[in-house]
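Below is one structure, written out as structure tokens; comments come after it.
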Amino acid sequence: MLRKIPILTAKESVSSAAAVALPKTSESPQLLKIRHSMSHVMAMAVQQLFPNARVTIGPWTETGFYYDFDNPDPFTEADLKAIKKGMIKIINQKLPLQRVEVSRAEAETRIKAQNEPYKLEILEGLQEPITLYTLGEKWWDLCAGPHVEHTGQLNAKAFELESVAGAYWRGDENRQQLQRIYGTAFETPEQLSEHKRRIEEAKRRDHRRIGTDLDLFSIEDEAGAGLVFWHPRGARMRLLIEDFWREAHFAGGYELLYTPHVADIDLWKTSGHLDFYRESMFGPMTVDEREYQLKPMNCPFHVLTYASTLRSYKELPIRWAELGTVYRYERPGVMHGLMRVRGFTQDDAHVFCLPEQISDEILKILDLTETILSTFDFRNYEINLSTRPEKSIGDDAVWDLATKGLTEALQRKGWDYKIDEGGGAFYGPKIDLKIEDAIGRMWQCSTIQLDFNLPERFGLEYVAADGSRQRPIMIHRAIFGSLERFFGIMTENYAGDFPFWLAPEQIRLLPVTDEVMGYAETIQSELSAAGIRSRIDRSGERLGKLIRSGEQQKIPVLAVIGAQEAEQGTLSLRSRRQGDLGSVGRSQVLQAATAANAARAAGLELGAS
RNA sequence: GCCCUUGUAGCUCAGCGGUAGAGCACUCCCUUGGUAAGGGAGAGGUCACGAGUUCAAUUCUCGUCAAGGGCUCCA
């Protein structure tokens, strides 16, 4: 008999294909006009309602538009409603938008007549011809366009004002704080509702929500902002991730290090971090009249480890990795769940190698990166190669060699990449990798950076074949970046529906009656002995409730145990990803679960019984 | 750090100048129930923290801390 079970397929769990496509602004010339014009309509509506509001800039963004105002009073939610109404009125009037070319002098006269100081400042930076757009007869704005021909081409049912936020004039925090109103607009109401659906979807996946619901982690007021508490379920997942990470690194020829959490502040003077990042570091502490610093980076420690003995060229490449927890002072107001915290764990590694080894080493890193990320179902990447900036150290020959090494490795790997000319750090070129999640968002996690600076500062050497002392090339790399942040991204990618191997509780045993509790306990100890994470639901509720709780907690496999199962030595399996798996022998379940863990699989593979 | 919003039970939220409520979760009792909520009872709150106004503050004002949306920043 077929049962009606809402089944989450593997496909759905990682991607929810949308029927309505939502182009980015830059991908649709028409949408660009709509959004750009919409911001002008909004500005006009605002000035009708708030005559004291001064206009500044109002560009489109990839997902909508905004306009920054200088207004004596902050805008409220109620104001947004009124502004929206005003916009609809303007749209319905089908006002023409017309491009007008004027001389600088005329533009200046017109702006002064309207008392718009910000516009005047914008004008200073413009070159002739100066263009402005009129909206109807009374309102106009300095603008290069393009715009729709008249507001009738804007759909009054396909736009929304979304939020008010503070923003600085010209993005400079020392200048006037402005009121920014964000909005979005589409060609059709269907697109708008799809846009809203996606916002809801992102909310549903929010790792902060899931972290609380599934009891994975918390951040405690009493302890301080940006400091993460891993609860047992989250800690178990983190451990699984770390175990996998270690295994992959040993297989990739790395050795692991453990280094201290604090060290003499001189280390950070030598490394140069103190000069550059003092404001982003936790303050120093004095012990025995010596100043110590909580570590914001692991690299100096790895460098010291390298320097602890004389190295031969025969030892290179040296690959050392560490899950190193670092602390950085983040300004209040910038923390965000696990994504931006003050204490986090870098999956940091440093490779010390010869110049001619660069290409091979980078390729190995790219391979390892792919191995690790794809295990979490991140398979689409966006790669950037950043080259030498103007202000930088090291001589041209080394930069060329290094950049060539990175390029060569990317080509050998067969990955497409973009070049960010001059985007490298002052101390070396780098490769950054972004991963795409299930709903199309890009997240930068992995980074591979060459560093000519630290080996220099710490005087690192190796003895070359000819007996001379040479400076090794140093590569910094992180794959997850921050373990905390990656955990957040991964959680949102899976929407909390973790693959079988990673779930903190893999199988929940649901006894139909108390009579089968003994059998359930036997199964549970069998599973535990095999390293499979299971629990018996002892709440004593009816089966329907047990199922509901299990599904709400996103347990990958629910195993119903009744008199029938106890008698036959089976379990009735219900998988979140695979649906009803029917009645399965206990040894077969054990086998399949063990195999799934070993293979780090998303679900169980049950052979014919 | 800056702008706006918020902070009431573990979670989601209601409430209000006279000292506290709901749903879910939790505990106990009844029910032994077969694939997304069985019934009943109970416990649980310095209303974030500090100060001020007031006869009286969870409620109003100010400050602090934290969270959310942005801005700025991010080795």
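General observations
- Looking only at the stretch A:64-102, residues that are out of contact with any strand residue (DSSP E or B) (no Cβ under 7 Å at 6 or more places or on another chain) and either modelled with pLDDT under 85 or not polar (S, T, N, Q) (or both) come to 15 in all.
- Of all the numbered requirements in (1) more than 10 Å from RNA strand B (Cβ to nearest atom); (2) open to solvent by 50 Å² or more (accessible area, probe 1.4 Å), residue A:205 misses one, and that requirement is (2).
- Every residue from the stretch A:19-77 that is more than 16 Å from RNA strand B (Cβ to nearest atom), part of a helix (DSSP H, G or I) and of a type in the set (A, V, I, L, M): A:31, A:32, A:34, A:38, A:41, A:43, A:44, A:45, A:49
- Residues (near RNA strand B (Cβ under 8 Å from one of its atoms) and surrounded by fewer than 18 Cβ atoms within 10 Å (Cβ to Cβ)) located in the stretch A:329-360: A:329, A:330, A:331, A:332, A:333, A:334, A:335, A:336, A:340
- For the stretch A:534-548, the set of residues classified as of a type outside the set (Val, Ile, Thr) and more than 7 Å from RNA strand B (Cβ to nearest atom) consists of A:534, A:535, A:537, A:538, A:546, listed by residue number.
- Flag set for residue A:388, criterion: touching a helix residue (DSSP H, G or I) at 6+ places or on another chain (Cβ under 9 Å), more than 12 Å from RNA strand B (Cβ to nearest atom) and farther than 23 Å from residue A:246 by Cβ.
- Residue list for the stretch A:564-609, restricted to those being open to solvent by 60 Å² or more (accessible area, probe 1.4 Å), out of contact with any Ser or Thr (no Cβ under 7 Å at 6 or more places or on another chain) and either near RNA strand B (Cβ under 9 Å from one of its atoms) or within 21 Å of residue A:495 (Cα to Cα) (or both): A:564, A:567, A:578, A:580
- Of the set (1) within 16 Å of RNA strand B (Cβ to nearest atom); (2) crowded, with 18+ Cβ neighbours inside 10 Å; (3) assigned to a helix (DSSP H, G or I); (4) within 36 Å of the chain's Cα centre (by Cα), all apply to residue A:520 but (4).
- Considering the stretch A:319-328, the residues that are of a type outside the set (Lys, Arg) and away from RNA strand B (no atom under 13 Å from the Cβ) include one that is surrounded by the most Cβ atoms within 10 Å (Cβ to Cβ), namely A:321.
- When A:303, A:326 are screened for being within 28 Å of residue A:241 (Cα to Cα) and more than 28 Å from the chain's Cα centre (by Cα), only A:303 passes.
- Applying the condition of being of a type in the set (Asp, Glu), in a helix (DSSP H, G or I) and surrounded by fewer than 16 Cβ atoms within 10 Å (Cβ to Cβ) to the stretch A:361-410 and asking which residue is farthest from the chain's Cα centre (by Cα) yields A:396.
- Residue within the stretch A:188-200 that is in a loop (DSSP other than H, G, I, E, B), open to solvent by less than 20 Å² (accessible area, probe 1.4 Å) and closer than 30 Å to residue A:163 by Cβ present: no
- Test: residue A:12 is at pLDDT 85 or above, among the charged types (D, E, K, R) and surrounded by fewer than 15 Cβ atoms within 10 Å (Cβ to Cβ): no
- Among residues of the stretch A:140-196 being more than 9 Å from RNA strand B (Cβ to nearest atom) and of a type in the set (Val, Ile, Thr), the one that is farthest from residue A:92 (Cα to Cα) is A:181.
- Residue in the stretch A:87-104 that is in a loop (DSSP other than H, G, I, E, B), under 20 Å from residue A:167 (Cα atoms) and not hydrophobic (A, V, I, L, M, F, W, C) present: no
- Any chance residue A:121 is in the same structural domain as residue A:84 (by TED's automatic domain parsing) and acidic (Asp, Glu): yes
- Residue in the stretch A:497-517 that is least open to solvent (accessible area, probe 1.4 Å), counting only those that are part of a helix (DSSP H, G or I) and within 13 Å of RNA strand B (Cβ to nearest atom): A:516
- Considering residues of the stretch A:422-446 that are part of a strand (DSSP E or B) and open to solvent by less than 30 Å² (accessible area, probe 1.4 Å) only, the residue nearest to residue A:195 (Cα to Cα): A:435
The values are calculated or read from the model by the stated rules, or taken from the named source; none is laboratory data. Since the structure is predicted, the reported quantities are computational estimates derived from the model, not experimental observations. With ideal geometry, Cβ positions are generated from the backbone for all residues, glycine too; neighbour counts draw on all protein chains shown. Keep in mind that these areas ignore ligands, DNA and RNA; they rest on the heavy atoms of the full protein, side chains included. Shrake-Rupley method; radii C 1.70, N 1.55, O 1.52, S 1.80 Å.
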